[in-house]
Amino acid sequence: MNDLITGAIAMASLVIALFFLRFWRSTGDRLFLWFALSFGIEAVHRVVTALTFDEHEDSPWHYLIRAAAYGLIIWAILEKNLPARRRKRGGAG
């Protein structure tokens, strides 16, 4: 039963990653690219965990992989909301 739920979470993460990739391709906004990468990492992590029959998800590697995925989401939000550093100088303002 646990593998079934893990597979469902992996499939959902992969589908979400594919949706974000499609949005990135149509808009060119890097926010969608970072989100797609984050959900892709989560999907691969779930599949590898299920295939290696690792019942103990309390090892530091699991936390580091998830922290990296969530860190990408935080980075994407910060990058979207922080002012751009590359502004044209000498403009009208």
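Rule-based calculations on the coordinates, nothing more; no lab input. In this text, all values refer to a predicted model and were calculated from it rather than measured experimentally. Reconstructed Cβ throughout: ideal geometry from the backbone, glycine too, with neighbour counts over all protein chains shown.
By how many nm would the segment from A68 to A8 grow when fully extended, if each residue of separation counts as 0.36 nm and the alpha-carbon distance is taken off?
On the way: separation 60, 0.36 × 60 = 21.60 nm, distance 2.13 nm.
Gain on extension, A68 to A8, equals 19.5 nm.
By count of other Cβ within 10 Å, fewest leading, how are H56, H62, H45 ordered? Could you put the intermediate results ahead of the total?
Numbers: H56 6, H62 14, H45 20.
Ranking H56, H62, H45 by Cβ neighbours within 10 Å, fewest first, gives H56, H62, H45.
Would you kindly calculate the translational diffusion coefficient of the range 29-68, applying Stokes-Einstein with the Kirkwood radius from alpha carbon pairs, for 4 °C and a viscosity of 1.567 mPa s, and quote it in µm² s⁻¹ without decimals? Present the calculation step by step, with values, prior to reporting the outcome.
Numbers: Rh = 11.0 Å.
The diffusion coefficient I find is 118 µm²/s.
So which residue, out of G40, G71, G28, gets the largest mean-square fluctuation from a GNM of the chain using Cα contacts under 10 Å as springs?
Taking springs between Cα atoms under 10 Å, the residue moving most is G28.
Could you give the Stokes-Einstein D for the chain in µm² per second, using the C-alpha Kirkwood radius, 25 °C, 0.890 mPa s?
Details: Rh = 15.0 Å.
D, rounded to a whole number, is 164 µm²/s.
Starting from the Cα of S59, step 7 Å along the direction of its Cβ; do the same at A84; then give the gap between the two resulting points in nm.
4.5
May I ask you to list the GluC sites (Glu not before Pro) in the range 40-83 that are in a DSSP loop and have at most 12 other Cβ atoms within 10 Å of their Cβ? Walk me through the numbers on the way to the answer.
Numbers: sites: E42, E55, E57, E79; in loops: E55, E57.
Those satisfying the criteria are E55, E57.
Please compute the contact order of the chain in relative form: average sequence separation of alpha-carbon pairs under 8 Å and at least six residues apart, divided by the residue count, as a percent.
31
Counting only trypsin sites (Lys or Arg not before Pro) that sit in a DSSP loop (anything but H, G, I, E, B) with at most 15 other Cβ atoms within 10 Å, what is the longest stretch of the chain containing none of them? Could you put the intermediate results ahead of the total?
Values: sites that count: R85, R86, R87, K88, R89.
That would be 1-84.
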